[in-house]
Amino acid sequence: MKRLLYSLLILAIIIAGAAYFYVYHILPKEMAKALTSDQKTWVPGPLNKVATEKKEEINAAIDKLPQELHELDLTFDQLLKIVDEVDPDQVKNVIAELNEKKISNVEQAFDVIKTNISIKSVNIELFRDYFTHRIKSKQIQKGLQYLNQNDYLTTISVPVAKQTIKNILLEKQEKIEAELQKINSAPN
C-alpha cells in the first residue's frame, strides 16, 4: 500500500512538472508560432481559436513595430530588454490598481503603470506621449473588463503572455531589424 501511494505521489509530481513545463515554456513558443505563422502547433483548441482570430492583428502590429521603435528611438535589443525586465507581479499590480482607482483617462492609466512598473534600461516616461496618443480609455476599460471576467487569466497568462511576446519578437527579429535599419538609414 505504501509503495502504491509513493508511486502515485511520484506520478503526480511528474505530471505537475510536465504541466508546468508545458504552460511556461512550450506554450509561449507554440502560441507565438500560432499567432504569426500557419505552421501546425501544440496549442489547445480554445487558445488556437484565439490565435487564429488575432493572427492578422498581431502581424499588422509587427509590421508597424519598426516605425514605432524608430519614433521612440529604441533598438530591437532595447525592446527585448524591456520585455525581460517587466515583472509579471508588477503587471498584476497595475491591473489591480486600475480596477481599484476606476481611472477616467489615459494619463491616469499611464501614471498607474509608471508607479508600478520598474524598468531600469529605459525611462518609462519615454512612453507617455506614445501611450496617451495611441491608447483610448475605452480600450483600457474593455481590457480590464475582459480580465475581470476571466480572472484566472491574470494568474497564468501574465507570465505566459510575457514569454509569448518575447518569442514573437525573436521569431520576427530579422524582419523587424531589417525594416528598422531601412527606416533609420533613410534621409529625413
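No lab work stands behind these numbers, since they all come straight from the coordinates. Since the structure is predicted, the reported quantities are computational estimates derived from the model, not experimental observations. Using ideal geometry, Cβ is built from the backbone for each residue, glycine included, and neighbour counts are taken over all protein chains shown.
Among the trypsin sites (Lys or Arg not before Pro) within region 3-97, which fall in a DSSP loop and have no more than 16 other Cβ atoms within 10 Å of their own Cβ? Mind dumping the intermediate values first?
Numbers: sites: 3, 29, 33, 40, 49, 54, 55, 64, 81, 92; in loops: 40.
Those satisfying the criteria are 40.
In terms of other Cβ atoms within 10 Å, 111, 84 run from fewest to most in the order 84, 111.
Each residue of region 99-107 was assigned a 3J(HN,Hα) from its phi angle through the Karplus expression (A = 6.51, B = -1.76, C = 1.60, θ = phi - 60°), giving 5, 5, 7, 6, 4, 10, 8, 5, 4 Hz with x at Gly and Pro.
A simple spin-label model places pseudo-atoms 7 Å from Cα toward Cβ; at residue 72 and residue 131 they are separated by 1.1 nm.
Of 120/162; 81/142; 64/102; 142/162; 29/54; 49/81, which pairs sit farther than 24 Å apart, going by alpha carbon to alpha carbon? Listed pairs above 24 Å: 81/142; 64/102; 49/81. The residues packed around residue 132, meaning those with a beta-carbon under 15 Å from its beta-carbon, carry a net charge of -1 if Lys and Arg are +1 and Asp and Glu are -1. Taking the C-alpha atoms only, the angle from helix 27-36 to the longest principal axis of the chain is near 40 degrees.
Taking Cα atoms only, the orientation of helix 45-72 departs from the longest principal axis of the chain by about 30 degrees.
Just to confirm a number: summing +1 for Lys and Arg and -1 for Asp and Glu over residues other than residue 25 whose beta-carbon lies under 14 angstrom from that of residue 25, what do you get? Net charge in that neighbourhood comes out at +3. Residue order for 25, 70, fewest other beta carbons within 10 angstrom first, comes to 25, 70.
So what's the back-of-envelope 222 nm ellipticity for the chain, counting only DSSP H runs of four-plus at -39500 (n - 2.57) apiece and dividing by all residues, rounded to 500? All intermediate terms of the calculation are to be shown ahead of the outcome.
On the way: 10 runs with 146 residues, N = 188.
It lands at -25500 deg cm²/dmol.
Here region 1-133 was treated as a single set of alpha-carbon atoms; its pair distances binned every 10 Å from 0 give 10, 24, 33, 21, 8, 4, 1 percent.
Placing a label point 7 Å from the Cα of residue 141 along the Cα-to-Cβ direction, the residues of region 66-105 whose backbone N falls under 17 Å of that point are 98-105.
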